[in-house]
1. Does region 48-62 hold any residues that are touching a Phe, Trp or Tyr at 6+ places or on another chain (Cβ under 8 Å), within 15 Å of the ligand (Cβ to nearest atom) and among the aliphatic types (A, V, I, L, M), and which are they?
2. Could you please find all residues in region 120-161 being in contact with a strand residue (DSSP E or B) (Cβ under 6 Å, 6 or more places away or on another chain) and of a type outside the set (S, T, N, Q)?
3. Could you identify the single residue in T136, T115 that is touching a residue at least 12 places away in the same chain (Cβ under 8 Å), part of a loop (DSSP other than H, G, I, E, B) and either surrounded by 21 or more Cβ atoms within 10 Å (Cβ to Cβ) or not hydrophobic (A, V, I, L, M, F, W, C) (or both)?
4. Can you report the number of residues in region 84-113 which are within 14 Å of the ligand (Cβ to nearest atom) and within 25 Å of N286 (Cα to Cα)?
5. Of the residues G32, G12, which is touching an Asp or Glu at 6+ places or on another chain (Cβ under 9 Å), assigned to a loop (DSSP other than H, G, I, E, B) and not assigned by TED's automatic domain parsing to the domain that holds D107?
6. Could you tell me which of the residues R82, R180, R76 is outside the structural domain of A51 (by TED's automatic domain parsing), touching a residue at least 12 places away in the same chain (Cβ under 8 Å) and buried (at least 18 other Cβ atoms within 10 Å of the Cβ)?
7. Report whether or not I292 is within 16 Å of the ligand (Cβ to nearest atom) and surrounded by fewer than 17 Cβ atoms within 10 Å (Cβ to Cβ).
Amino acid sequence: MAQFVAETSKAGAFVRQPNHFTDRVTADGSSGYPVESGCYRLFVSLACPWAHRAIIVRRLLGLDEHISLGIVDPIRDEKGWRFTLDEGGRDPVTGAAYLSELYLASDPSFSGRWTVPTFYDTKTQRIVTNDYPQITLDFSTQWRSLHKSGAPDLYPATLRADIDAVNADVYADVNNGVYRCGFADSQQAYEEAYERLFHRLDVPSERLSHQRYLVGDQLTEADIRFFTTLVRFDAVYHGHFKANRQKLAEFPVLWAYARDLFQTPGVGETVDFDQIKRHYYATHLNINPTGIVPVGPDVSGWQTPHGRV
Ligand SMILES: N[C@@H](CCC(=O)N[C@@H](CS)C(=O)NCC(=O)O)C(=O)O
């Protein structure tokens, strides 16, 4: 039985649902949602790689001063993401007990999965977007007036074409590729996803042996997107999703690269291995019916010197 039946093809491959809310916050406000400090709330799970991108970019750009963060319980129940980490089991800003309440208040006909990240406007009390690839690009380009001084340019105009090309491959074969391994409902779909995943890990391994970052000589959106999958690799994807040709720690270049990113101020602090493991192992019960969460791996290696320059 597939993890998500509605998102499984006849051949047993996982085909991710499209994003439903695709409005945008813009610098000039032409979208109806202007950039404004203190108005918007980002709902995340610390376990979720798509949400993790937004957490990291928000932090690196200093937008944590301007966009509040709502964190759901890493373990969903049959009604989805819950605010059980908050006092009284309700999000303190919206009063919601479940993220689904915000989806249905924004669109009563919504019938897909309620997903994080969700970007919410506290003024109109509506979801602006759950379009995760656009959220971080807009943080970089539209929210510039509120970036902290010295914030990195994670999506520089001159590198955008390269960043977009790398992101497209990494999305298909790595970010979503691990899910295509884990949620495959046939041997063939799993093996295809597995081959593509490890091919796509071998290619940047070569590139990263002579350059510090994926595109150009600076940290960009491409590195953040790659990182959120790499940091989960040994803890969950290797075992739970059967992405097990190698562990990340067995790829010398990629492992050093990932540690370099982890040790970048603002990045490692956003990683919560406990919530990551509990979410995957205790939520996808089709894959792990006992719900037992593994004790390992030892994550102390993330702090060891990476030696990259
Ligand atoms: N919005 C995208 C990606 C975001 C996403 O998949 N988030 C996961 C967590 S990593 C989620 O919220 N899943 C909720 C669910 O499966 O019910 C999608 O719809 O597939």
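1. A51, A54, I56
2. Result: Y120, D121, I127, V128, D131, I135.
3. Of T136, T115, the one residue that is touching a residue at least 12 places away in the same chain (Cβ under 8 Å), part of a loop (DSSP other than H, G, I, E, B) and either surrounded by 21 or more Cβ atoms within 10 Å (Cβ to Cβ) or not hydrophobic (A, V, I, L, M, F, W, C) (or both) is T115.
4. The total comes to 7.
5. G12
6. R180
7. When the stated conditions are applied, I292 does not pass them.
The values are calculated or read from the model by the stated rules, or taken from the named source; none is laboratory data. The structure displayed is predicted, hence computed values, not measured ones. Cβ atoms come from the backbone with ideal geometry, glycine included; neighbour counts cover every protein chain shown.
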